[in-house]
There are 2 protein chains.
Amino acid sequence: MPSYSPITPEILSEIKGAVGSDAVIQTTEKLCEFEKDAGEDACLPELVVEATSPRQVSALLRLANRYSFPVTPRGLGTGLAGGAIPLFGGVVLSLAKMNRILSIEKDNLIAVVEPGVITLDLQNAVRRENLFYPPDPASLDTCSIGGNAATNAGGPSCVKYGTTREYVLGLEAVLPSGEIVEAGVRTRKGVVGYDLRHLLLGSEGTLGVITKLILKLIPHPQTITTLVAFFPKLTSAMDAVTAMLVRGHVPCAVEFLDDRCLEITGDLLPFEEARLAKAMLIIETDGVQRVIEEEMETIGEICMEQGAVNVVMAPDSLKRARIWEIRREVSLRIEDRFPLYLHEDVVVPIGKIADLVGCLRGFEGEYGIKIYSFGHAGDGNIHVNITAEDRKCRDRAEEGIVNLLKKVLSMGGTISGEHGIGIAKKTVPTDGALCGKHPHSKGNQTSLRSPADTEPRENI
Amino acid sequence: MPSYSPITPEILSEIKGAVGSDAVIQTTEKLCEFEKDAGEDACLPELVVEATSPRQVSALLRLANRYSFPVTPRGLGTGLAGGAIPLFGGVVLSLAKMNRILSIEKDNLIAVVEPGVITLDLQNAVRRENLFYPPDPASLDTCSIGGNAATNAGGPSCVKYGTTREYVLGLEAVLPSGEIVEAGVRTRKGVVGYDLRHLLLGSEGTLGVITKLILKLIPHPQTITTLVAFFPKLTSAMDAVTAMLVRGHVPCAVEFLDDRCLEITGDLLPFEEARLAKAMLIIETDGVQRVIEEEMETIGEICMEQGAVNVVMAPDSLKRARIWEIRREVSLRIEDRFPLYLHEDVVVPIGKIADLVGCLRGFEGEYGIKIYSFGHAGDGNIHVNITAEDRKCRDRAEEGIVNLLKKVLSMGGTISGEHGIGIAKKTVPTDGALCGKHPHSKGNQTSLRSPADTEPRENI
C-alpha cells in the first residue's frame with residue numbers, strides 16, 4: 001500500500017484556502033454519505049470536497065501532489081465496483097454539484113454538460129428538442145454523466161447505439177498535476193492528434209478528473225416496440241439472438257433472463273410460460289412505426305424457428321413497462337432473498353454466451369453459491385449475480401468469481417462490460433490479457449506512462 | 001531536425017540478419033516506388049523493409065533504437081498528408097505484404113485482418129457473408145485497412161456509420177521499443193483498462209506499427225437509394241442538410257459540390273441544372289427498400305422547402321454510378337486543369353459549413369488562388385481544393401492555407417477530417433487548440449509522454 005500523508009490541520013487549512021470553506025465537508029455524519037458506492041465495501045474519507053468549478057479541482061490536486069494525500073473522485077456513487085471508495089482515506093472529490101447542462105446546440109447536434117448531470121435529466125432535456133442521448137445504464141435516473149464517462153457505462157441500448165464512449169466528442173479534464181486540459185472536438189468528425197479523449201474515458205478517474213463533456217446527440221427515434229419470447233432452453237434463446245443479428249436485425253435492446261430469474265419474478269408476468277420457461281428474451285426495436293412492427297414479426301418468427309414456446313408482442317407502453325419491471329425487479333428480489341449478493345458483470349463474444357451461462361451451474365456446486373444470470377444478450381454482456389444463504393460464504397464465493405473471470409478471459413471475453421474495475425477487480429489474474437488489466441497495472445503498458453505511474457503517490 | 005544515423009553496411013547486414021534478405025529492398029529504381037504518397041512531396045528512403053510478420057517489425061524497431069536510424073511505416077501509400085514519406089531517409093517499413101484476411105467470424109460479427117488488406121477487398125469478402133464494413137475512404141479500392149486505422153480514415157458513410165475508429169475492436173501493434181502489444185477486445189463491448197486501442201488509432205504510426213486488427217462488422221443493409229438536389233445558393237443546400245438531420249433523417253451519405261465543381265463536371269449529368277446551379281447535394285439512404293423510398297421523398301421535400309431548384313431521384317444503380325462519377329471526376333479534372341493543386345481537408349461544426357465555404361472567395365482574391373470545395377456536408381468535413389495557374393504561386397497558396405486553417409480552428413473546427421496530419425500540417429499554429437496539434441507536438445500533452453517523446457531519435 002502506498003504511503004500517504006493524513007490530512008493534518010495545516011493541510012486542511014490550505015485546502016480550505018484553495019477551494020473555499022463552503023466546499024469542504026468535515027462532519028463524520030456527513031462524511032458517512034461518501035464512504036461507499038452502491039456495492040458492498042466502505043471506507044470513511046477524512047474529508048470531502050464538493051467542487052463547483054475546474055479551478056477548485058485543479059487547486060485540490062496541486063495540494064494533493066504537494067502534501068501526498070490521496071484524492072478519490074466521485075460522481076453520484078451509483079457504481080458497483082468500488083471505484084469511488086476512498087480506500088486510502090484522504091479526500092473524496094465530489095463532482096455532484098457540477099451538474100449544469102451548459103448548452104444544447106440543436107443545429108450542431110451536441111450538448112455541453114458538467115459531469116454531475118444525472119443521465120436521465122440530460123435524456124429528458126434533449127428529448128424536448130426531439131434529440132436523443134442513447135446511453136442507458138440501469139441506474140440512469142440516479143447516476144451521473146461524468147461517472148458514465150469515467151467507466152464507459154452502457155445499458156440495453158448498447159447493442160444498437162454503443163456505450164458512453166461513442167457519445168463523448170470532447171471533454172475538459174484536470175490532470176493529477178492540476179493542469180486543466182481539453183481533449184477531443186466539438187465537431188461530428190475529429191481524427192487529428194493523439195486520442196487523449198478516449199484515454200481519459202473509461203480510466204475511472206485514474207488519469208484525470210473530467211470537468212466538462214461535449215456530447216454527441218442523434219435524432220430521437222419516432223417510436224419503439226417490444227417483444228418477449230420464452231424458451232425451453234437458454235441455448236435456444238442465444239441461438240435466436242445470433243440468428244437475429246446475423247440476419248440483419250439490430251434491435252435497440254436484446255435482454256435475457258435465465259430460469260432462476262424467471263422463478264423469482266415470473267409472477268409479475270401475465271403468462272404461465274414465464275414461470276415454466278428456462279429463458280426469456282426481451283427484444284426492442286426503434287425507428288419508424290410501420291417498419292419496426294414488420295421487423296418485430298420477423299424477429300418473432302426467428303425466435304419460434306429457434307424453438308421459442310411463446311412470443312408475445314408488447315406494442316403499448318403499459319405492457320412495455322410491465323416487462324421492464326421484471327428486469328428491474330430481479331435484482332431487488334435477489335437482494336431481499338439472500339444475505340450475500342455479489343454483482344458480477346462480464347462480456348464474452350456473442351457466440352459464446354450460451355457456453356458461459358451453461359457452465360455456471362458447475363460453479364454453483366463447486367463453491368456453494370446460487371447464480372442468477374441476466375443481461376445484454378445482444379452484445380455478450382452478462383450480469384452474473386452470485387448469491388449465498390450465509391454471508392460467511394463470501395470467501396468461497398469470491399474464489400468462485402476469480403475462476404469465473406478466468407473462464408471469461410479464456411473465452412476471449414473481458415472482466416467487465418459496464419461496472420468497471422474499481423477496487424473490485426484489481427487483483428484478477430489475467431494471464432497477460434490487456435483487456436483484464438486494472439488501470440493501475442503496468443503490464444503491456446510499459447510504453448505509455450500514466451500520471452499514476454509518474455506520480456506513484458497520487459491516488460487519482 | 002533530429003540527428004539520425006545513416007544505414008551503414010554494418011547496420012544493413014544487421015537488418016538483413018534480423019528480417020531476412022528477402023524482405024529488404026535496396027535498388028534505387030525500386031526505392032523510388034516508396035519515396036512519396038499520393039500528395040506532392042517526396043523523399044527517397046535508404047532502404048525498404050517489406051514485413052510479413054510482427055516479429056520482423058519488432059526486430060527492425062529494436063535495431064532502429066540501437067542504431068538510431070529513422071523508420072517510417074507505410075501502408076499502401078494513398079495518403080495525401082505525407083505521413084508515409086521518409087522525411088529523414090532511413091527505412092520505409094512497408095506493411096503491404098501483410099495483407100491476409102485471417103478470419104471472418106459470422107457468429108461474433110467480427111473480422112480479423114492484417115494491416116495490408118485493401119479496404120474494398122475486405123468489404124467484398126464480408127459482403128459475401130451478408131455483412132458490412134462501412135468505412136469508405138475515396139481511395140477504398142487502393143488503400144489499406146492499416147492505413148485507414150492509422151489515420152482514422154472515413155468517407156461519405158461516416159455521417160451514419162462513423163470513421164474507422166468505430167470499427168476497430170482490438171489490435172496488435174509493435175511499439176517503438178520493439179515490444180509487441182495487444183489492445184482492445186474481441187467482444188462487441190469492452191470497457192475495461194486504459195483505452196490504448198484508441199490511442200494507437202489515428203496516431204499515424206507515431207506510437208507504434210499496427211500489425212493486426214480485430215474489426216467489428218454489422219449486418220449488410222438490404223438496399224440503398226440516391227437523390228441529387230440542385231440549389232441556387234450554397235447556403236440553402238447547407239440549410240437543407242441541417243434541417244434533414246435535425247428532423248431525424250440520418251442518410252448514409254450527404255455530399256455537396258460547390259458551383260466551381262459543377263462548372264467542370266456538370267456536363268457529366270443529364271440535367272441542365274447541373275451547370276447552372278450554385279450547389280448540388282448527393283444524398284443516400286440505406287435500409288429496407290420501402291422505408292428508404294418514403295424517407296427519400298421526405299428528404300426531397302425538405303430540399304425543396306429550403307429552395308432547391310430541382311430534386312432528382314436515382315433509384316437504380318446505373319444512375320447512382322453516374323452521380324458518383326461526378327464526385328470522383330472533380331479531383332481528376334482539377335488535376336488536369338491546374339499546374340498547382342493542393343488538397344485540403346477540414347472539419348467545422350455542421351452549423352458552420354456555409355459560413356466557412358462562404359468566406360473561401362475572400363481567400364481566392366487575397367492569395368491569387370482558385371478554390372473548389374466539395375465533401376461530406378453531413379458531418380462538416382469539407383475538402384477544400386486549392387489551385388493556381390502557376391506552380392510559382394505555391395508559397396502564397398500555402399500562406400492562404402495556414403490562414404484558412406486558423407479560420408477553421410476559430411470556428412471550433414479541426415484541421416483534418418480524413419487525411420491526417422502527416423508532414424503537411426505539422427507547422428500549423430493552432431493557438432493551443434488540442435484538436436489542431438500534430439501528434440509530435442507536446443503542448444497539452446505534457447502529462448502523457450509518447451514514445452516519440454521518450455525516444456526523441458525514433459521516427460516511428
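Give the residue, chosen from B:ALA38, B:ALA18, that is farther than 20 Å from B:ALA150 by Cα and either assigned to a strand (DSSP E or B) or in contact (Cβ under 8 Å) with a residue 12 or more places away in the chain (or both). Before the answer, list the steps.
Working: B:ALA38 fails: farther than 20 Å from B:ALA150 by Cα.
The unique qualifying residue is B:ALA18.
Per-residue answers, yes or no, for (1) under 22 Å from B:GLY205 (Cβ atoms); (2) among the β-branched types (Val, Ile, Thr); (3) in contact (Cβ under 8 Å) with a residue 60 or more places away in the chain:
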| residue | (1), (2), (3) |
| --- | --- |
| B:ALA96 | yes, no, no |
| B:GLU105 | no, no, no |
| B:GLN123 | no, no, no |
| B:VAL126 | no, yes, yes |
| B:LEU131 | no, no, yes |
| B:THR142 | yes, yes, yes |
| B:PRO156 | no, no, yes |
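Can you tell me which residue in the range A:103-131 is modelled with the lowest pLDDT, limited to those that are within 14 Å of chain B (Cβ to nearest Cβ) and touching an Asp or Glu at 6+ places or on another chain (Cβ under 9 Å)?
Of all residues in the range A:103-131, those within 14 Å of chain B (Cβ to nearest Cβ) come to A:103-112, A:126-131.
Pick out the ones that are also touching an Asp or Glu at 6+ places or on another chain (Cβ under 9 Å) and you get A:104, A:106, A:111-112.
On the way: A:ILE104: 96, A:LYS106: 88, A:ALA111: 97, A:VAL112: 97.
My answer is A:LYS106.
For the range B:267-295, how many residues are open to solvent by less than 60 Å² (accessible area, probe 1.4 Å), more than 14 Å from every other protein chain (Cβ to nearest Cβ) and farther than 19 Å from B:GLN306 by Cα?
Taking the range B:267-295 and keeping what is open to solvent by less than 60 Å² (accessible area, probe 1.4 Å), we get B:268-269, B:271, B:273-274, B:277, B:279-288, B:291-292, B:295.
Of the ones still in play, those that are also more than 14 Å from every other protein chain (Cβ to nearest Cβ) are B:268-269, B:271, B:273-274, B:277, B:279-284.
Then drop every residue that is not farther than 19 Å from B:GLN306 by Cα, which leaves B:268-269, B:271.
Residues flagged as open to solvent by less than 60 Å² (accessible area, probe 1.4 Å), more than 14 Å from every other protein chain (Cβ to nearest Cβ) and farther than 19 Å from B:GLN306 by Cα within the range B:267-295 amount to 3.
Can you tell me which residue is nearest to A:MET411 (Cα to Cα) among those in the range A:343-399 that are aromatic (Phe, Trp, Tyr) and out of contact with any Cys (no Cβ under 6 Å at 6 or more places or on another chain)? Show your work before the answer.
Residues of the range A:343-399 that are aromatic (Phe, Trp, Tyr), as a first pass: A:363, A:367, A:372, A:374.
Checking which are out of contact with any Cys (no Cβ under 6 Å at 6 or more places or on another chain) leaves us with A:363, A:367.
Details: A:PHE363: 16, A:TYR367: 21 Å.
Looking at residues that are aromatic (Phe, Trp, Tyr) and out of contact with any Cys (no Cβ under 6 Å at 6 or more places or on another chain), I get A:PHE363.
If you check B:ARG74 against the conditions, is it surrounded by fewer than 22 Cβ atoms within 10 Å (Cβ to Cβ), closer than 25 Å to B:SER3 by Cα and basic (Lys, Arg)? Let's see the steps before the verdict.
Working: surrounded by fewer than 22 Cβ atoms within 10 Å (Cβ to Cβ): no; closer than 25 Å to B:SER3 by Cα: yes; basic (Lys, Arg): yes.
Taking the combined requirement at face value, the residue does not satisfy it.
Restricting attention to the range B:21-35, which residues are of a type outside the set (A, V, I, L, M) and in contact (Cβ under 8 Å) with a residue 24 or more places away in the chain?
First pass over the range B:21-35, keeping only residues of a type outside the set (A, V, I, L, M): B:21-22, B:26-30, B:32-35.
Residues satisfying the conditions are B:PHE34, B:GLU35.
I'm checking my understanding of the structure. Among residues of the range B:379-426 that are open to solvent by 50 Å² or more (accessible area, probe 1.4 Å) and within 14 Å of chain A (Cβ to nearest Cβ), which one is modelled with the lowest pLDDT?
It comes out as B:LYS426.
Identify, by number, the condition in (1) open to solvent by 60 Å² or more (accessible area, probe 1.4 Å); (2) at pLDDT below 95; (3) farther than 13 Å from B:ALA274 by Cβ; (4) not in a strand (DSSP E or B) that B:MET313 doesn't meet.
(4)
For A:LEU262, state whether it is assigned to a strand (DSSP E or B) and under 22 Å from A:ALA354 (Cβ atoms).
Numbers: assigned to a strand (DSSP E or B): no; under 22 Å from A:ALA354 (Cβ atoms): yes.
No, not satisfied.
Have a look at B:PRO86, B:PRO137 and point out the one that is open to solvent by less than 30 Å² (accessible area, probe 1.4 Å), part of a loop (DSSP other than H, G, I, E, B), within 14 Å of another protein chain (Cβ to nearest Cβ) and farther than 27 Å from A:PRO135 by Cβ.
On the way: B:PRO86 fails: within 14 Å of another protein chain (Cβ to nearest Cβ).
Going through B:PRO86, B:PRO137 in turn, just one is open to solvent by less than 30 Å² (accessible area, probe 1.4 Å), part of a loop (DSSP other than H, G, I, E, B), within 14 Å of another protein chain (Cβ to nearest Cβ) and farther than 27 Å from A:PRO135 by Cβ: B:PRO137.
Looking at (1) closer than 18 Å to B:LYS97 by Cβ; (2) open to solvent by 30 Å² or more (accessible area, probe 1.4 Å), can you tell me which one B:LEU47 breaks?
So the condition that B:LEU47 fails would be (2).
Please list, ordered by first then second residue, the pairs with beta carbon atoms under 7 Å, 6 or more apart or interchain, first in the range A:280-302 and within 14 Å of A:ALA240 (Cα to Cα) and assigned to a helix (DSSP H, G or I), second of a type in the set (A, V, I, L, M, F, W, C) and open to solvent by 10 Å² or more (accessible area, probe 1.4 Å).
Pairs that qualify, where the first residue is within 14 Å of A:ALA240 (Cα to Cα) and assigned to a helix (DSSP H, G or I) and the partner is of a type in the set (A, V, I, L, M, F, W, C) and open to solvent by 10 Å² or more (accessible area, probe 1.4 Å), are A:MET296/A:MET313; A:GLY300/A:VAL311; A:ILE302/A:ALA243.
Yes or no: the range A:103-123 includes at least one residue that is assigned to a loop (DSSP other than H, G, I, E, B), small (Gly, Ala, Ser) and surrounded by fewer than 20 Cβ atoms within 10 Å (Cβ to Cβ).
So in the range A:103-123, the residues assigned to a loop (DSSP other than H, G, I, E, B) come out as A:106-109, A:114-117.
Now narrow it down to the ones that are small (Gly, Ala, Ser): A:116.
Within this subset, residues satisfying the condition of being surrounded by fewer than 20 Cβ atoms within 10 Å (Cβ to Cβ) are none.
No, the range A:103-123 contains no residue that is assigned to a loop (DSSP other than H, G, I, E, B), small (Gly, Ala, Ser) and surrounded by fewer than 20 Cβ atoms within 10 Å (Cβ to Cβ).
From the list B:LEU215, B:LEU207, which residue is buried (at least 23 other Cβ atoms within 10 Å of the Cβ) and under 27 Å from A:ASP379 (Cα atoms)? Can you show your working first?
Details: B:LEU207 fails: under 27 Å from A:ASP379 (Cα atoms).
On inspection, the qualifying residue turns out to be B:LEU215.
Return only the number of the condition from (1) open to solvent by less than 50 Å² (accessible area, probe 1.4 Å); (2) of a type outside the set (Phe, Trp, Tyr); (3) in a loop (DSSP other than H, G, I, E, B) that A:LEU31 does not satisfy.
Every condition holds for A:LEU31 apart from (3).
Limited to the range B:90-102, what total is found for residues that are open to solvent by 10 Å² or more (accessible area, probe 1.4 Å) and over 20 Å from the mean Cα position of the chain (by Cα)?
4
Using beta carbons and a limit of 8 Å, which pairs, at least six apart or on different chains, have the first residue in the range B:374-398 and at positive phi and the second one modelled with pLDDT under 90 and of a type in the set (Ser, Thr, Tyr)?
B:GLY380/A:THR187
Tell me whether the range A:357-374 contains one or more residues that are in a helix (DSSP H, G or I) and either within 14 Å of chain B (Cβ to nearest Cβ) or under 20 Å from A:SER139 (Cα atoms) (or both).
no
So, restricting to strands (runs of 3 or more DSSP E) that lie completely within the range A:148-239, which ones have at least 2 residues that are in contact with a helix residue (DSSP H, G or I) (Cβ under 8 Å, 6 or more places away or on another chain) and at the interface with chain B (Cβ under 7 Å from one of its Cβ atoms)?
Values: elements: A:168-174, A:180-184, A:209-216, A:223-231.
Once the strands (runs of 3 or more DSSP E) in the range A:148-239 are filtered for at least 2 residues that are in contact with a helix residue (DSSP H, G or I) (Cβ under 8 Å, 6 or more places away or on another chain) and at the interface with chain B (Cβ under 7 Å from one of its Cβ atoms), what remains is A:180-184.
The values are calculated or read from the model by the stated rules, or taken from the named source; none is laboratory data. Predicted model only: the values in this text are computed from it and were never measured. Neighbour counts run over all protein chains shown; Cβ positions are idealised from the backbone, glycine included. The protein model used for the area step is the full one, side chains on, heavy atoms only, and it has no ligands, DNA or RNA in it. Shrake-Rupley method; radii C 1.70, N 1.55, O 1.52, S 1.80 Å.
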